[in-house]
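Reading through the structure tokens given below for one structure.
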Amino acid sequence: MRPFDGRRVLLGVTAGIASYKAAWLARRLVQSGAAVDVVLTRGATEFITPLTFEALTGRAVHTDIFAPGHALDHIHLARDVNAIVVAPATADFLARAAQGRADDLLTAILLATTAPVLLVPAMNDRMWAHPLTQRNVATLREIGYTVVDPDVGPLAEGEASGPGRMPEPEAILAHTGRVLDDGALRGRRIIVTAGPTREPVDPVRFLSNRSSGKMGVAVAAAAWRRGATVTLIAGPLEVPPPIGVAVVPVETTQEMADAVARALPGADALVMAAAPADFRAAAPAASKIKKSAAPDRLELTATPDILATTRAQRAAGTVVVGFALETDDLLENARAKLAAKALDLIVANDAREPGAGFAVDTNRVTLLARDGQAEALPLMTKAEVADVLLDRIEALLRAR
Ligand code: CTP
């Protein structure tokens with residue numbers, strides 16, 4: 001099952017040089033399972049041809065509100081979609097949309113639709129910063145459109161000092177996923193931890209573990225897609241952090257514990273998917289330990305248990321989820337951790353199971369609830385495991 005299976009997305013393209021990236025976006029939307037109807041403004045056809053999009057989407061491309069035989073296109077196109085994405089959206093298009101004009105097919109569709117609208121501006125950095133553009137963006141946000149902030153980076157005309165550049169298609173795809181979702185976690189604040197932590201032995205060496213951060217990143221991405229405000233507290237990750245979430249980078253277990261404690265007030269849920277290092281060097285050396293002076297032993301001491309030390313700081317209604325990676329007596333050990341760390345749910349996985357554990361993209365887990373219920377899931381991608389987990393978290397939040 002692909003994320004956008006059965007969904008219809010209308011992709012509007014306006015007259016910006018970034019329209020070349022809209023072709024890749026159209027392809028990624030189709031690959032994600034969406035049926036994609038493309039509408040080009042007249043100016044956009046100066047940059048890119050309808051034929052490009054017709055070939056990529058396998059569907060007719062629309063450009064003209066006055067085309068004979070197509071008088072009601074704007075009504076049909078506006079009615080039959082699950083989301084409208086305009087990328088790139090030029091300054092001129094934002095101005096016309098903010099005024100509620102209907103002087104071409106794309107603006108007419110915007111007025112005639114009840115589907116969620118995502119606008120992805122791209123323009124010269126000074127045009128973006130202009131008070132009139134900013135006022136138009138504020139108006140469009142006020143009426144409920146999602147307007148993505150442009151990136152900072154090189155523009156077609158050279159280096160820019162401020163934002164203006166269109167975000168990459170992969171980021172737009174993530175935003176599209178969020179507007180297509182029914183947003184059951186809107187208004188919720190969720191903290192997710194991910195990855196390993198590192199405990200210094202000396203300035204160049206550390207103790208750590210094999211965690212890649214993939215599971216936590218999948219949970220953070222899925223929570224954001226469902227509308228939550230997400231803080232991802234992460235040790236060094238092997239994968240890029242997801243779009244839309246606030247990332248708090250940390251190094252040691254103590255730093256992760258401090259960051260969790262700071263984020264906890266007001267949080268609706270805490271998902272501890274990280275694998276914090278359980279030990280640190282008792283006395284890390286201030287300078288590099290030379291081979292010739294290597295000690296025979298390294299004295300270790302325990303790091304704080306984050307779930308245990310934050311117990312007192314958790315508000316009564318906060319849903320707390322832990323993970324247990326075991327090599328022996330999986331369910332028994334996981335149940336003991338659920339009780340000892342006062343969790344609502346624990347995700348138990350066997351490190352020796354093929355396709356489960358660190359580094360891989362799949363996982364086979366059993367969800368254990370506080371009431372004793374056990375739900376053994378089949379081998380799934382980590383993204384799918386994250387979705388099942390968030391279904392359970394949503395149910396727990398509703399029951400509060
Ligand atoms: N955890 C934590 N603080 C730590 C270590 C782990 O909060 N210092 C969290 C993990 O994020 C996970 C849960 O506790 O959600 C269980 O982690 P795990 O390493 O399986 O358990 P430990 O308590 O470290 O027990 P053991 O190493 O003895 O299995």
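The values are calculated or read from the model by the stated rules, or taken from the named source; none is laboratory data. Model, not experiment: these values are computed from the prediction. Neighbour counts run over all protein chains shown; Cβ positions are idealised from the backbone, glycine included. Areas reflect the complete protein model, heavy atoms only, side chains present, ligands, DNA and RNA absent. Shrake-Rupley method; radii C 1.70, N 1.55, O 1.52, S 1.80 Å.
Below is a table of values for the structure above.
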quantity: Radius, Kirkwood style, for region 189-303 when every pair of distinct Cα atoms is counted (Å); calculated: 15.0 Å
quantity: Pair Arg311, Val152: separation of 7 Å Cα→Cβ label points (nm); calculated: 4.4 nm
quantity: The chain, Cα convex hull volume normalised per residue, Å³; calculated: 181 Å³
quantity: Ordering of 77-90, 218-231 by packing [mean C-beta count within 10 Å, highest first]; calculated: 218-231, 77-90
quantity: Antiparallel bridge percentage (DSSP; both residues within the chain; nearest 5); calculated: 30 percent
quantity: Ranked order, Arg165, Arg262 - accessible area, probe 1.4 Å, largest first; calculated: Arg262, Arg165
quantity: 3J(HN,Hα) from dihedral phi, region 172-181, Karplus parametrisation 6.51/-1.76/1.60, rounded to Hz, x for glycine, proline; calculated: 5, 4, 5, 4, 4, x, 6, 6, 6, 6
quantity: All-pairs Cα distance distribution in region 121-216, expressed in whole percent, bin size 5 Å; calculated: 2, 10, 12, 13, 15, 12, 11, 11, 7, 4, 2, 0
quantity: Unit Cα scatterers, Debye sum, region 8-180: log10 I(q)/I(0) for q = 0.12, 0.16, 0.18 Å⁻¹; calculated: -0.48, -0.88, -1.14
quantity: Relative contact order of region 180-276, pairs being alpha-carbon contacts under 8 Å that are 6 or more residues apart, as %; calculated: 39 percent
quantity: Kirkwood-Stokes translational diffusion coefficient of region 318-400, alpha-carbon pairs, 4 °C, 1.567 mPa s, µm²/s; calculated: 101 µm²/s
quantity: Net dipole in debye of region 189-398 [+1 Lys, Arg Cβ; -1 Asp, Glu Cβ; about Cα centre; nearest 20]; calculated: 500 debye
quantity: Per residue accessible area of the chain, 1.4 Å probe, in Å²; calculated: 48 Å²
quantity: Whole-number Å³ per residue for the convex hull built on Cα positions in region 21-88; calculated: 90 Å³
quantity: Fraction of alpha-carbon pairs over 21 Å apart in region 189-398 - percent; calculated: 53 percent
quantity: Accessible-area composition of the chain, carbon plus sulfur, in percent [1.4 Å probe]; calculated: 53 percent
